[in-house]
Amino acid sequence: MSAASEARSLFRALLRAGKHFPNYNVREYIQRRAREGFHDGAKLTDPAAVKSLLELGRQELEVVKRQSVVYGLYGRKVKNVLELDLPAFQPAGKPPASASL
Amino acid sequence: MLQRVACQLLQASRLAAPTMGNQVIRGLSAVPQPAEDADSGPSTSGGRSGVIEKKGIALRGVPLYLDMQATTPMDPRVIDAMLPYMTEQFGNPHSRTHLYGWESEEAVEDARKQIAGLIGADPKEIIFTSGATESNNTAIKGVAGYFKDKKKHVITTQTEHKCVLDSCRWLQQRGWDVTYLPVRPDGLLDLAQLEAAIRPDTALVSVMAVNNEIGVVQPMDEIGELCRKRGVYFHTDGAQAVGKIPVDVNKSKIDLMSISGHKIYGPKGIGALYVRRRPRVRLEALMSGGGQERGLRSGTVPTPLVVGLGAACAVAAREMESDLAHVRRLEERLRTGITSRLQGVHLNGPADLARRYPGNLNLSFAYVEGESLIMGLKEIAVSSGSACTSASLEPSYVLRALGVEEELAHTSIRYGMGRFTTDAEVDRAIDMTVSHVNKLREMSPLWEMVQEGVDLKSIQWAQH
């Protein structure tokens, strides 16, 4: 897989995983930061830098998956006022049951 | 007059007995309970909507967090780094004889490297403490203790954090002279005054890099240059600066710096003290014991917390540019959003963003009573500059040092934005602030008089 297509699939995976994160602020941060990071990363040409950035992206994806579970277990049960008022800010429901970590 | 009455009424209601029932049950439970009772109230289509009731206030949902100077949420990457050391890798880093100790020590040393990398220091120059308060105490009392026969003078500013001011007061009680330098109305230190204050028997100059109440960034390079030239140690409380703005201990010639974990999306209860080794900074230890941390801070180093601090620093180093740009954009949005819809709003601190950390926006709203403003903004979590929200009625000493009038000091609100703050939260904060200030002003006879063009200062109030 070329670096570009791997980056694209990693980006999609990050955004998908981020949509299920239970905490509103972290959820929004993942969307914003992933877009920013991959947009800036697309401009890189040095293959070593691209490789290390992809590795970082893979590690962060694993962190998102693990911490989704932790925040789901220990997070609050009551939503914040933005999520109450605007359903668009709520997490995208339960992740698929076969979530492999 | 109105303010004092209102504050007194609120004081009285606060002293009434708080509800104890839930606390007792929670104390006996072995399972961590969520802070709210989520099952009261009907559930809506979006999931559970409970009513949270605390301190006599009912909230329909969790407030939006805009108080990043008080503390920050832990970054999930930090929690992820800490959990292995809170579960199965629980060894004491000072145990030399088995795997648990070896892996724990390795984690601590890795964290030390991460912190040193963020500030441009050598890992051997980082000492772990329980937080910036302990670091400040160690720096000030430690240096003074070492030089008590040779030096007699310490210089600090009037806008320092309470722990620095209190440590200096402690020194004064033991015969040291302390100069509390005043600041200009925008919060910046006057370098000429600092130069004039340094004496041959000055041991230490302590100036915080970024102020926690108004966000002013002091001219660190110039202060460091001055102190190095005069042979005085330069200590800085970097709690609000490290990880948020670029800090380089060699560029700014800093000799001692306090770092706080929970201000940079790390855990609470951990901090670090940077102690320069070239040229060597001498200090006495405050904590006696087994000589850990190069003899400067005895006690078992808490591996999970230290790993968290290290991870927070590593993340901050990577994210600093992105965070700064984000926070600058949000500050612009918040400030122009409020000032375009309200008059009589004063910014406390320098208007120039080159001299202020944008994540800290401290605004005073004229002709509005401070406590009622804060009580009305219950859907956003912000802090007030006045200590009216704590036990005493005195306005914040930082605002007083800036020369802010007492009425304005009472109505100051500090908005703290950070990595995880969103545009929608800022918009909601603007709407709530504007609507609540307008509501309070509508009720205010002082505001009516101002609208009619009366100059409040020229009024002779009748004595009853």
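The values are calculated or read from the model by the stated rules, or taken from the named source; none is laboratory data. This is a predicted model, so every value here is computed, not measured. Neighbour counts are summed over all protein chains in view; Cβ atoms, including those assigned to glycine, are modelled from backbone coordinates with ideal geometry.
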Query raised in the report: Across the stretch B:70-89, what is the total count of residues that are under 20 Å from the mean Cα position of the chain (by Cα) and in a loop (DSSP other than H, G, I, E, B)?
Result: 6
Query raised in the report: Restricting attention to the stretch A:64-100, which residues are modelled with pLDDT under 85 and part of a loop (DSSP other than H, G, I, E, B)?
Result: A:Leu86, A:Gln90, A:Pro91, A:Ala92, A:Gly93, A:Lys94, A:Pro95, A:Pro96, A:Ala97, A:Ser98, A:Ala99, A:Ser100
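Can you name every one of the helices (runs of 4 or more DSSP H) wholly within the stretch B:402-455 that holds 2 or more residues which are at negative phi, in contact with a Phe, Trp or Tyr (Cβ under 6 Å, 6 or more places away or on another chain) and at pLDDT 90 or above?
B:423-442
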Query raised in the report: Any residue at all in the stretch A:28-37 that is more than 26 Å from B:Glu379 (Cβ to Cβ), β-branched (Val, Ile, Thr) and without any contact (Cβ under 8 Å) to a residue 40 or more places away in the chain?
Result: no
Report task. List the number of the failed condition for A:Glu62; all other conditions in (1) surrounded by 12 or more Cβ atoms within 10 Å (Cβ to Cβ); (2) free of Cβ contacts under 8 Å to residues at least 12 places away in the same chain hold. Result -> (2)
Query raised in the report: Being within 14 Å of chain A (Cβ to nearest Cβ), surrounded by fewer than 21 Cβ atoms within 10 Å (Cβ to Cβ), in a helix (DSSP H, G or I) and free of Cβ contacts under 8 Å to residues at least 60 places away in the same chain, is that true of even one residue in the stretch B:304-317?
Result: no
Report summary line: Checked B:Leu181, B:Leu191 against criteria (closer than 21 Å to B:Ala354 by Cβ and in contact with a helix residue (DSSP H, G or I) (Cβ under 7 Å, 6 or more places away or on another chain)); the one match is B:Leu191
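Do we find that A:Val63 is over 13 Å from the mean Cα position of the chain (by Cα) and among the aliphatic types (A, V, I, L, M) in this structure?
Numbers: over 13 Å from the mean Cα position of the chain (by Cα): no; among the aliphatic types (A, V, I, L, M): yes.
Criteria not met by A:Val63.
A quick yes/no check of all residues on (1) facing chain B (nearest Cβ under 9 Å); (2) hydrophobic (A, V, I, L, M, F, W, C):
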residue: A:Tyr29; (1), (2): yes, no
residue: A:Ala42; (1), (2): no, yes
residue: A:Thr45; (1), (2): no, no
residue: A:Glu55; (1), (2): no, no
Query raised in the report: Given (1) within 14 Å of chain A (Cβ to nearest Cβ); (2) without any contact (Cβ under 8 Å) to a residue 60 or more places away in the chain, where does B:Ala429 come up short, assuming only one miss?
Result: (2)
Query raised in the report: Here are B:Gly231, B:Gly238, B:Gly299, B:Gly289: which of them is out of contact with any helix residue (DSSP H, G or I) (no Cβ under 9 Å at 6 or more places or on another chain), among the small types (Gly, Ala, Ser) and closer than 20 Å to B:Val207 by Cα?
Result: B:Gly231
Query raised in the report: Listed residues B:Lys150, B:Lys162; which is basic (Lys, Arg), surrounded by fewer than 19 Cβ atoms within 10 Å (Cβ to Cβ) and closer than 19 Å to B:Cys227 by Cα?
Result: B:Lys150
Report summary line: Screening B:Leu204, B:Leu188 for residues that are surrounded by 22 or more Cβ atoms within 10 Å (Cβ to Cβ), in the same structural domain as B:Asn250 (by the TED database) and among the aliphatic types (A, V, I, L, M) leaves only B:Leu204
Requested in this report: Starting from residues that are out of contact with any strand residue (DSSP E or B) (no Cβ under 8 Å at 6 or more places or on another chain) and touching a residue at least 12 places away in the same chain (Cβ under 8 Å), keep the ones in the stretch B:396-409 and report whichever is farthest from the other protein chains (Cβ to nearest Cβ).
Outcome: B:Gly403
Query - Count of residues meeting criterion [more than 10 Å from every other protein chain (Cβ to nearest Cβ) and in contact (Cβ under 8 Å) with a residue 40 or more places away in the chain] in the stretch A:66-85 - result: 1
Report task. Determine whether the stretch B:147-164 contains at least one residue that is in contact with a His (Cβ under 9 Å, 6 or more places away or on another chain) and farther than 20 Å from B:Tyr397 by Cβ. Result -> no
Query raised in the report: Could you say which residue among B:Asp166, B:Asp221 is without any contact (Cβ under 8 Å) to a residue 40 or more places away in the chain, under 17 Å from the mean Cα position of the chain (by Cα) and closer than 30 Å to B:Gly418 by Cβ?
Result: B:Asp166
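Residues checked against (1) in contact with a Ser or Thr (Cβ under 7 Å, 6 or more places away or on another chain); (2) small (Gly, Ala, Ser):
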| residue | (1), (2) |
| --- | --- |
| B:Tyr180 | yes, no |
| B:Gly187 | yes, yes |
| B:Met220 | yes, no |
| B:Cys227 | no, no |
